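What follows is a set of notes on a single structure, which appears directly below.
The values are calculated or read from the model by the stated rules, or taken from the named source; none is laboratory data. All of these numbers come straight from a predicted model, not from anything done at the bench. Virtual Cβ from ideal backbone geometry, glycine too; neighbours counted across all protein chains shown.
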Amino acid sequence: MKTKPGKYHLTIRETEIIYLMWDAGKPLMASEMVGNGLSISTVHTAIRKLTEKKLVEVVDFVRNGTTFARIFQPTITRNEYELDMLTANFTPKNRQTLTTSELLDTFLQGLDKQASLKELDELEQLIVRKRNELNS
């Protein structure tokens, strides 16, 4: 079965750059993203493509030495991106045998006890909310 890349269609480098921005928790200059195998040229190329895709925006300009530098931030959240990647191929048509319960159980297996209990509490609240929506 051929997989869909999701609606964002990011390359590996674009994904690395946008994760760097999310991890930083603040807008960044391109020069702040250089390192760990990423050259300034690679960063600029990825930012240009992410900007064209409207997934990154320029939020400010700052003086950096003798020049001005643009400051970038993502326009989507990490959750939006990761949910898109997860659900791109997880449609009713493509999941003939895999159930949502099995998928959630797999995710919970990777968590420690406290994290699992927290997730289960949140799932219980979600289930109640969805049941109420469906019953009204």
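Just one of (1) in the same structural domain as T11 (by TED's automatic domain parsing); (2) at pLDDT 85 or above fails for G65. It is (2).
Checking T100, T75, T3 one by one, the residue that is closer than 29 Å to E119 by Cβ and modelled with pLDDT of 80 or more is T75 and no other. Among the residues that make up segment 45-58, is at least one of them farther than 18 Å from T11 by Cβ, over 16 Å from the mean Cα position of the chain (by Cα) and surrounded by 12 or more Cβ atoms within 10 Å (Cβ to Cβ)? So far as segment 45-58 goes, yes, one or more of its residues are farther than 18 Å from T11 by Cβ, over 16 Å from the mean Cα position of the chain (by Cα) and surrounded by 12 or more Cβ atoms within 10 Å (Cβ to Cβ).
Taking S101, is it in contact with a Leu (Cβ under 6 Å, 6 or more places away or on another chain) and in a helix (DSSP H, G or I)? So S101 fails the test.
Return yes when Y81 is within 24 Å of F107 (Cβ to Cβ), among the hydroxyl-bearing types (S, T, Y) and surrounded by 16 or more Cβ atoms within 10 Å (Cβ to Cβ) and no when it is not. When the stated conditions are applied, Y81 passes them.
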